[in-house]
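Bear in mind that the values in this text are calculations on the coordinates, not laboratory data. Given the structure is predicted, the values throughout are model-derived calculations rather than measurements. Virtual Cβ from ideal backbone geometry, glycine too; neighbours counted across all protein chains shown.
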Amino acid sequence: MKTGLLYEGKAKKVYQACGEPGKLVLSYKDDATAMNGEKKATFVGKGRLNNEISSRIFTYLRAKGAETHFIKRLNETEQLVYRTEMIPLEVVVRNMAAGNIAKRLGIEDATAFDPPIVEFYYKNDELGDPFINDEHALFLTNVTPAELQEMKNKALKMNDLLRELFSKVEVILVDFKLEFGRNAEAQIVLSDEISPDTCRLWDKTTQDKLDKDVFRQGTGDLLKVYEDILKRLERII
Ligand code: UDP
């Protein structure tokens with residue numbers, strides 16, 4: 001199914017799909033990193049959980065009309081996707097304050113944002129993925145102003161869909177990160193993954209953290225909370 005390794009990131013490997021130049025195989029790793037790679041660990045089974053969770057979420061978004069790179073889950077740790085030209089931006093949507101924003105803006109954790117806040121970060125490990133504004137994004141990447149606006153609109157639409165989804169399983173979507181790419185028709189489509197690695201997910205009743213913060217902060221069992229998210233999603237999608 002797959003041939004040459006094209007790229008290895010912190011959480012996934014990307015292979016060329018065999019005999020299909022326009023398609024890639026994403027292979028989810030068991031590695032976890034935090035603080036721009038300073039904190040590292042391996043959790044056997046994390047790759048399977050994130051592949052399962054992200055596959056389910058992308059299938060759900062596709063069914064709701066969102067265009068994504070996702071084709072299908074291939075096996076426990078791999079999925080087939082369309083090749084896209086990745087745009088080196090992280091698009092973060094925030095419904096509540098958590099992580100760096102509380103410190104940056106001097107506000108309490110869990111403060112609600114209504115309307116939600118959309119932010120861009122420049123994907124660059126050496127620079128530590130700096131927070132940037134729209135003009136910086138236009139300067140640093142080849143996106144057009146219309147594409148930038150389109151990414152914001154799509155991110156907010158996906159926020160509505162994901163909030164609705166997680167709410168059904170008693171989970172609050174606090175914030176999340178998306179990445180977009182251009183497909184063969186030069187359209188902006190959702191790429192990368194959506195998983196507890198890339199979202200903040202809190203239990204609606206207890207506010208317990210069910211995401212990578214348990215590893216970042218050393219406060220819980222990563223595999224246990226990722227398994228909890230998968231079990232909840234399996235009930236509805
Ligand atoms: N996030 C991510 N990858 C990154 C940085 C952030 O997936 O490289 C996600 C993170 O899991 C959270 C959201 O984006 O759901 C917002 O993260 P934030 O900017 O608050 O990051 P932090 O302050 O924790 O570094």
(request) Quick one: check the C-alpha center-to-center distance for region 165-237 versus region 68-146, whole angstrom. (result) 14 Å
(request) Have a look at Leu148, Leu165, Gly128 and report the one farthest towards the positive end of the charge dipole of region 108-186, computed about the Cα centre with Cβ charges (Lys/Arg +1, Asp/Glu -1). (result) Leu165
(request) Just rank Lys23, Lys224, fewest to most, by other beta-carbon atoms within 10 angstrom. (result) Lys224, Lys23
(message) Using only the Cα atoms of the chain, what semi-axes does the equivalent ellipsoid have when each is the square root of 5 times a gyration tensor eigenvalue? Give whole Å, largest first.
(response) 25, 23, 18
(message) Which aspartates and glutamates, if any, have their Cα less than 15 Å from the Cα of Lys231, not counting same-chain residues under 8 positions apart?
(response) Glu52, Glu170, Asp203, Asp211
(message) Beyond a 29 Å Cα-Cα separation, which of these cross-linked pairs lie in this structure: Lys123/Lys204; Lys2/Lys154; Lys168/Lys212; Lys154/Lys209?
(response) Lys123/Lys204; Lys2/Lys154
(message) Can you compute the charge dipole magnitude of the chain about its Cα centre, using +1 on each Lys and Arg Cβ and -1 on each Asp and Glu Cβ, nothing else charged? Give it in debye, rounded to the nearest 20.
(response) 600 debye
(message) Ignoring everything except DSSP H segments at least 4 long, calculate the 222 nm mean residue ellipticity for the chain; use -39,500 (n - 2.57) per segment, divide by total residues, nearest 500.
(response) -9500 deg cm²/dmol
(message) If I take every Cα pair under 8 Å that is 6 or more residues apart in the chain, average their sequence separation and divide by the length, what percent do I get for the relative contact order?
(response) 18 percent
(request) May I ask you to sort Leu61, Leu26, Leu74, Leu89 by Cβ crowding, counting other Cβ atoms within 10 Å and putting the fewest first? (result) Leu74, Leu61, Leu89, Leu26
(request) Could you list the GluC sites (Glu not before Pro) in region 1-73 that lie in coil according to DSSP, counting only those with at most 10 other Cβ atoms within 10 Å of their Cβ? (result) Glu38
(request) State whether region 83-128 is rounded, prolate or oblate according to the following rule on the C-alpha gyration tensor (a ≥ b ≥ c being the square roots of its eigenvalues): a/c under 1.5 gives rounded; otherwise a/b larger than b/c gives prolate, and the remaining case gives oblate. (result) oblate
(request) Would you mind ranking Ser195, Ser54 by Cβ crowding within 10 Å, fewest neighbours first? (result) Ser54, Ser195
